[in-house]
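The values are calculated or read from the model by the stated rules, or taken from the named source; none is laboratory data. Keep in mind it's a predicted model, so treat the numbers as computed, not measured. Because the Cβ atoms are built from the backbone with ideal geometry, glycine has one as well, and the counts that use them run over all protein chains shown. Just so you know, the surface numbers come from the protein's heavy atoms only, side chains and all, with ligands and any DNA or RNA stripped out. Shrake-Rupley method; radii C 1.70, N 1.55, O 1.52, S 1.80 Å.
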Amino acid sequence: MPQAGGIAFRGSGRDLRILLVTSKKQPGFWIFPKGHVEPGESAAQAGVRETQEEAGVTGELLGPVSTPLEYDWNGTRYSVHYFLIRATGEAPVSDGRTIAWLPFEEALQRLSFDDTGRLLREARVRMEGTPRA
């Protein structure tokens, strides 16, 4: 089942912050916003939409991060493609998730899954090389 998500960030250097949200299926687990790709929607569009729906964050799409992650959940195989997003706006959301903007190292430690930590590390060089909006 195709899914997409966003690795959103704001600031740069010492002020770099990474967006994490709590999982709805597994409260207490910290993840990047993600969800299913709608019919007629690209994975990139879905990643941006899910980031906005789950965290209220809008931003500039900077492109894909690595290759899709594959995992099984309750007998279903999922493939999640993550996209790097520079946050440009934020609005309150009410879907029950906790939202956190964390310094890079803290975000790396708080992520609940090793594969998402690997993606965050891979994306860092692109975050650092991106001028502020």
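When the range 43-62 is examined, which residues are found to be in contact with a Leu (Cβ under 7 Å, 6 or more places away or on another chain) and within 13 Å of Phe9 (Cα to Cα)? Hits for the range 43-62 are Val48, Ala55, Val57, Leu62. Here Ser112 does not qualify as modelled with pLDDT under 95, under 13 Å from Gly5 (Cα atoms) and surrounded by 12 or more Cβ atoms within 10 Å (Cβ to Cβ). Looking only at residues of the range 73-107 that are assigned to a loop (DSSP other than H, G, I, E, B) and farther than 15 Å from Lys34 by Cβ, we find that the one that is farthest from the chain's Cα centre (by Cα) is Gly75. Among the residues of the range 77-90, those that are within 14 Å of Leu19 (Cα to Cα) and open to solvent by less than 50 Å² (accessible area, probe 1.4 Å) comprise Tyr82, Phe83, Leu84, Ile85, Arg86, Ala87, Gly89. Within the range 24-76, restricting attention to residues that are of a type in the set (Phe, Trp, Tyr) and open to solvent by 50 Å² or more (accessible area, probe 1.4 Å), the residue that is nearest to Leu102 (Cα to Cα) is Phe29.
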